[in-house]
Each structure stands twice: as structure tokens, then as C-alpha cells.
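First up is the structure itself, then whatever we jot down about it.
The values are calculated or read from the model by the stated rules, or taken from the named source; none is laboratory data. Everything quoted here is computed from the prediction, not taken from an experiment. No Cβ is skipped: glycine too gets one built from the backbone with ideal geometry, and neighbour counts run over all protein chains shown. Accessible surface is based on the protein model in full, side chains and every heavy atom, while ligands, DNA and RNA are left aside. Shrake-Rupley method; radii C 1.70, N 1.55, O 1.52, S 1.80 Å.
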Amino acid sequence: MNKKLISGLAIAAATTLALGVVASAPANAAPKKSVTLAFQGPLTGGDAQLGQDQIPGAIYAIALYNAKNPAVKVELIKADSQCDGTVAANIAPGVAANKAVIGVIGTSCSGEARNSFPAYKAAGLTMVAPSASAVSLTDPKAPDRGFPIFHRVVAHDGFQAPALARYAAKGVTAPKFYVIDDMTTYGGPLAKGTLPTAKKLGTVVGTDSVAKGTADYTSVAAKVKASGANVVIYGGYTTDAAKLFKALRDGGYTGILASGDGTNTSDFPGLAGKAAEGVRLTAADVPFDKILTAAQLAEFTKITGIKVPGLYSTTAFNATNVFLQCISEGKLTRPAIQLCVNSGSFKGVGGDVIKFNRYGDIIGGAPVGGYLVKNGVIIYDAVA
């Protein structure tokens, strides 16, 4: 985490949870009463930027809440699950065992969420995720669903997948799609979910599944070029997207490159280099700096040390405020938090109303934004 972010909020290490979970709490005088929320997501490893972009939204929300001098203060701990299901399965029991924790802001990644469910269900620990978007997590028929403890303030990939196909093909005459996924809980369904829309818009000339963490994408790039595709859609995360897109450009592919929110992190342009230019990205998120007033943005920067909020700072802020509203209403136990989140009505930072259906999805979904990489920077373009 940015050192300015830590010093700006005056967070000090308070304790260390089992299995690598680091706890943090405000450094001011100990309040008479406090409760703890955990932020769970990737803070180290290859996908760390996804979590690092989000956690400032949670920190900002808690700082604003605590500044009001409430009767119950809120502390924050960090649970670094590295966007890895195996790591998540190892650390979630430690978070669940910490009786001070009454809610989890997370997870960031869908595989993390799925593998955390057993520990959190057993402990009755409610989750509100900023970006875990796999459809199965809230599908009542899916064996890996998170009912009744999982909720998310982001639209699931049933909304993002068709939007990604539309945005990738925007302005392309006779689009010929090649769709690739990383074989993860998130990337596989997202990529496959683009296919029905892609077939309506043009033709699908090829598909491929390449495991996350693959070192060499040259053979995939050769297949894409041989297919005659002019639109490539990738379902996966930043590190692999950067490697794939560089291999495609180095192999002579000149068409459209597109990916979803797993690639839409602030470090993607740097990792992909010249291959990032013009890449089209989607996310069911509106940039935080497009919503905040100038005064609020200055306050956010003062508290976190972050000048330009990253993707899903908005949803992390909203997810945190779901818990904070319940806490302000006196819901200070895990059962009370679960009942409050399940049945409550909450206000998002943009003025939207957040309510969850029975299985944890935000009622009404959320708009999916289209983003472009221009001059090495990801910019918000329009609704996808």
C-alpha cells in the first residue's frame, strides 16, 4: 500500500491474525466501543493492483464515519487473499475466528469468494463484495453460491458479458470475434458469456482456454492471427492479459483488443506497454472521481494519499457504507449485521439505492462502463 495512504489515515498495526492476515486500526485514542470490518482481496502478488485500487474506497468510508465521533468506532483489518482461491481458503478461517470481525468487505475476485464461503457460512460472517462478479456466486442453482452470507454491490457478469461484446465490436464492420479465457471462476464464464451477443453482432471465428499463469502466449497469438479475427475478447486478469496482448501485437495482430474488469486495473497500461494502447475494457463501475465533488476528492486524497481513485473504489466505498449504516443503527453482532444487510435499503455514493435480492445480487443491476487506454492511461469512455 502507498505509504502516504497509510500515514494519511494514521493506520497502525494492531494485531496479526492467523494465516497471514494483517490487522490495522486507527491510531487515535482507543474508543470505548469498537467493531471490526475486514477487507479481503489481493494486496500482494500478480493481481495486487485490483485490491490496492479498491481498499482506499473502504478506508475513506471508514475515516468519514469515524470522524463523526460515533458511539461505536470501526476498525479495519486487511485479509490478503491474492486473487487466489487456495490462499483465500487458507486465510478465511482466520478471519472468521476473529470474533471482533462482524463483516467482510470483499472479496475482490470470484475464486476468492467461492473458496471463502465455507468458513464464513459456518461463522455467520456477512460479505459485501465490491467486484466479485461471477454469476454462479449468487445463482440459487449453483453449488458454489454464497447464500445466505454473500452480497455484492456490483452487477454480475450476466450484465457485463454482453456489454463487453458490444463495446468490443463498436464501430467495427463485420466483426469476427476470437474469444479467450483464463479458465478461472471469473474469466471462463465472462468470456463464454460474450458469445451469444458476439454471434448476433458478427461471427465467432475461434475460442480458446488458456490457464491463468501461462508464461508464453505466442502459440495462442498465432492461432488468432490465422483465424482472421478482427476482435479479440479476453476473460481474465491483468497480468495474463498484458502478456497475451503483447504476444498478439508482436505477432502482427492489428485488430481490436478487449477485456473485462479483471484487466481494468491501474497497472495494466504499464504491464502491457505499447500493446495497451487502444485496448477496450469494461467494468460495472463509475469512476469515483466522476462522482465526488472537488472538495470530496481533495478529502479522499488527504486521507488516502491517492490522487486518482482506482477502479472499484466506488463500489468498495458503497460496500463499506452498507456495513457502516447497519453499525450506526446499532447492529453490532454477526447475526444482526446479516439481517440488516439482507433486508436493508442503502444509499450509494451517487445517490442510487442499494438493496439486495434473496441471493445477494443488487436489485436492478448496475450500468456497465466502457473504458479506453489512451496515452498509457485508462479513461472512462461511456456506458458500454
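Note on the stretch 218-264: the C-alpha convex hull projects to 2.8 nm² when averaged across all orientations.
For n ≥ 4 DSSP H runs only, could you compute -39500 (n - 2.57) per run for the chain, divide by its residues and tell me the 222 nm figure to the nearest 500? The partial results should precede the final answer.
Values: 14 runs with 150 residues, N = 384.
One gets -11500 deg cm²/dmol as the mean residue ellipticity at 222 nm.
Please state the charge dipole magnitude for the stretch 118-247, taken about the Cα centre, from unit charges on C-beta atoms (+1 on K and R, -1 on D and E), reported in debye and rounded to the nearest 20.
Working: 15 positive and 8 negative charges, 70 e Å.
I would put it at about 340 debye.
Calculated from the alpha-carbon coordinates, the stretch 176-232 shows an Rg and a Dmax of 11.3, 33 Å respectively. Stretching Glu299 away from Val72 to a fully extended chain increases their span by 79.5 nm, per 0.36 nm per residue minus the current alpha-carbon distance.
So for the chain: antiparallel DSSP bridges make up what percent, rounded to the nearest 5? DSSP beta bridges in the chain are roughly 40 percent antiparallel.
Quick one: putting +1 on the C-beta of Lys and Arg, -1 on the C-beta of Asp and Glu, what dipole do you get for the chain around its Cα centre, in Debye to the nearest 20?
Numbers: 36 positive and 25 negative charges, 97 e Å.
Roughly 460 debye, rounded to the nearest 20.
Would you work out which of Ile59, Tyr237, Leu257 lies farthest towards the positive end of the dipole of the chain? Charges go on Cβ: Lys and Arg +1, Asp and Glu -1. Sorting the options by dipole projection puts first Ile59.
For the stretch 332-384, taking Cα atoms only, Rg and Dmax work out to 16.3, 49 Å respectively. Net charge of the neighbourhood of Asp250, taken over other residues with C-beta under 13 Å away and scored Lys/Arg +1, Asp/Glu -1, is +4.
Provide the packing ranking of 214-220, 251-257, 52-58, i.e. peptides ordered by the mean count of other C-beta atoms within 10 Å per residue, highest first. List each step's numbers first, then the result.
Numbers: 214-220: 14.3, 251-257: 17.3, 52-58: 27.0.
Those peptides, ordered most packed to least, come out 52-58, 251-257, 214-220.
Helix 238-250 axis versus longest C-alpha principal axis of the chain: approximately 20°, rounded to the nearest ten.
Shown is the FRET efficiency for Leu332 and Thr86, computed with R0 = 25 Å from the Cβ-Cβ distance and rounded to the nearest 0.05: 0.15.
State the dimensionless ratio Rg/Rh of the stretch 226-358 (Rg: radius of gyration of Cα atoms; Rh: Kirkwood radius).
Numbers: Rg = 19.6 Å, Rh = 17.6 Å.
My calculation puts Rg/Rh at 1.11.
If you take every residue apart from Val179 with its C-beta less than 10 Å away from the C-beta of Val179, what net charge results, scoring Lys and Arg +1 and Asp and Glu -1?
On the way: positive: Lys192; negative: Asp181, Asp208.
Within the 10 Å Cβ shell, the charges total -1.
Cα centroid separation, the stretch 91-121 to the stretch 334-384: 20 Å. Each of the peptides 192-198, 171-177 was scored by the mean count of other Cβ atoms within 10 Å over its residues; in descending order, highest first, they stand as 192-198, 171-177.
Convex hull volume of the Cα atoms of the chain, normalised per residue: 123 Å³.
Can you give the angle from 0 to 90° between the axis of helix 110-123 and the longest principal axis of the chain, with both taken from C-alpha atoms, to the nearest 10? Value to nearest ten degrees: 30.
Cα convex hull of the stretch 89-157: mean projected area in nm², to one decimal?
Values: hull surface 16.2 nm².
Reported value for the Cα convex hull: 4.0 nm².
Would you work out what percent of the accessible area of the chain, with all protein chains in place, is carbon or sulfur (probe 1.4 Å)? Intermediate results must be reported in sequence, preceding the final value.
Values: 8450 of 14850 Å².
Accessible surface attributable to carbon and sulfur in the chain totals 57 percent.
Mind grabbing the base-10 log of I(q)/I(0) for the stretch 140-201 at q = 0.18, 0.23 Å⁻¹? Debye formula, identical points on the C-alpha positions, no solvent, two decimal places. Taking Cα atoms of the stretch 140-201 as identical point scatterers yields -0.72, -0.99. A 1.4 Å probe run over the chain, with the rest of the protein chains in place, finds 39 Å² accessible per residue. To the nearest ten degrees, helix 157-169 and the longest principal axis of the Cα atoms of the chain are 40 degrees apart.
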